[in-house]
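Undergrad: Questions regarding the structure given below will be posed in turn.
The values are calculated or read from the model by the stated rules, or taken from the named source; none is laboratory data. Values in this document were obtained by computation on a predicted structure and should not be read as measured data. Cβ placement follows ideal geometry from the backbone for every residue including glycine, while neighbour counts extend to all protein chains displayed.
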Amino acid sequence: MNERMSNRLRTDRLNGAELARLWWAVPPLVVLVLANAMFELAGMGYAEIGTQLVSEDGGRPLEMGRDAVVAGAALGWAATLMAYLCVIVATLLAAWRIINTRVQGVARRPFLLFAAAATLLGIANLLIVDTFDLSLAAVFEVTYRAILQEPAITAERARVAGAVVMVINVLTAFVPALLLAAVAASALPPKAGWSEVTVARRARQLRRLVAIAAAYLVVGVLHMGAWTQLAGATLGAQASAALDAAAVAVTLFWGTAFALMIASFYVPLALSLSELAEHIMDDIGVPPDARPKWLVDRGLSFDLSQQLPQIAAVAAPLFAGSLSAALGAGTQLLVP
């Protein structure tokens with residue numbers, strides 16, 4: 001072994017901290033296991049359907065072709081579900097880390113209490129919606145009833161799918177609550193006071209929060225769209241077109257609502273940081289003609305041209321609603 005190779009290779013025994021690097025291999029394995037579970041749940045006999053469709057006698061072409069469309073729609077829903085679960089975990093970890101970097105010990109309790117209270121309110125809202133059969137309940141119920149009556153989907157798989165979506169609904173009460181607690185913690189002034197360094201750091205954290213919230217809400221909208229459009233795949237062409245039209249309206253509505261939610265915390269915090277940056281420039285004597293560049297260099301410029309990535313992130317849930325609608329239109333073309 002030459003000297004160059006020996007400088008790159010490790011041949012000694014690894015210590016505990018180095019062996020801990022093996023944990024980096026765990027997340028991909030978890031995703032692979034989740035993918036297998038989702039495929040088995042939503043595949044609904046894909047192998048049997050495909051085998052009969054390509055058999056010499058053609059099986060039952062109309063029925064099997066319809067079953068294949070249902071299986072395809074179910075797998076589309078499972079793909080968004082898998083992505084949603086991964087994003088939920090990542091969002092929870094990111095929100096917890098942001099809270100931990102801002103507050104700890106006794107100072108953290110009010111934020112955790114807020115998250116707990118907001119979660120309980122969300123769960124109470126779910127119970128009220130279900131008990132009184134309000135409009136929001138139909139987002140879950142319509143598709144659940146459709147797949148229960150679908151011959152291509154076994155009753156057991158339909159019940160498991162329903163249970164999984166119910167768990168997702170509960171998580172949607174907890175994840176936004178923790179995210180909002182992270183937003184509130186990010187608004188706290190630093191213990192040592194504001195400076196150009198702390199304002200710049202807080203602006204970066206705000207942009208990360210916007211990206212995290214956008215990713216969570218975008219995948220949530222796509223999952224909602226895939227779930228509601230699964231019902232349309234179980235129906236005939238005419239009924240499917242009518243139901244998909246309603247499903248598209250639902251996803252576009254919630255996409256708009258989620259975009260406004262992101263804007264409602266980003267805009268006030270961005271304006272607050274902009275005012276702080278102005279005060280800091282006054283204190284350190286930055287000339288007026290040098291201020292735009294000073295702000296850009298520190299990531300503190302809230303000029304429209306500098307805010308395009310954040311504007312895109314804020315509007316991303318609305319775009320996701322449109323994307324879900326387009327995917328639904330594509331599925332509808334396949335319904336016999």
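Undergrad: What's the total number of residues in segment 62-88 that are out of contact with any helix residue (DSSP H, G or I) (no Cβ under 7 Å at 6 or more places or on another chain) and under 16 Å from V218 (Cβ atoms)?
TA: 1
Undergrad: Just checking, how many residues over segment 117-153 are outside any helix (DSSP H, G or I) and either in contact with a Pro (Cβ under 7 Å, 6 or more places away or on another chain) or under 21 Å from M82 (Cα atoms) (or both)?
TA: Going through segment 117-153 one residue at a time, the tally reaches 1.
Undergrad: Another one. Given the options A163, A192, A137, A152, name the one that is at pLDDT below 90, more than 30 Å from L273 (Cβ to Cβ), surrounded by fewer than 18 Cβ atoms within 10 Å (Cβ to Cβ) and of a type in the set (A, V, I, L, M).
TA: Within the list A163, A192, A137, A152, the selection yields A137.
Undergrad: Could you please let me know if L300 is modelled with pLDDT of 70 or more, within 21 Å of A213 (Cβ to Cβ), more than 18 Å from the chain's Cα centre (by Cα) and surrounded by fewer than 15 Cβ atoms within 10 Å (Cβ to Cβ)?
TA: Working: modelled with pLDDT of 70 or more: yes; within 21 Å of A213 (Cβ to Cβ): yes; more than 18 Å from the chain's Cα centre (by Cα): yes; surrounded by fewer than 15 Cβ atoms within 10 Å (Cβ to Cβ): no.
It is false that L300 is modelled with pLDDT of 70 or more, within 21 Å of A213 (Cβ to Cβ), more than 18 Å from the chain's Cα centre (by Cα) and surrounded by fewer than 15 Cβ atoms within 10 Å (Cβ to Cβ).
Undergrad: Additional query: Quick check on my filter: what residues within segment 260-304 are among the charged types (D, E, K, R), closer than 25 Å to L180 by Cα and part of a loop (DSSP other than H, G, I, E, B)?
TA: none
Undergrad: If I filter segment 126-156 down to residues being touching a residue at least 24 places away in the same chain (Cβ under 8 Å) and of a type in the set (V, I, T), which single residue comes out as farthest from V250 (Cα to Cα)?
TA: T154
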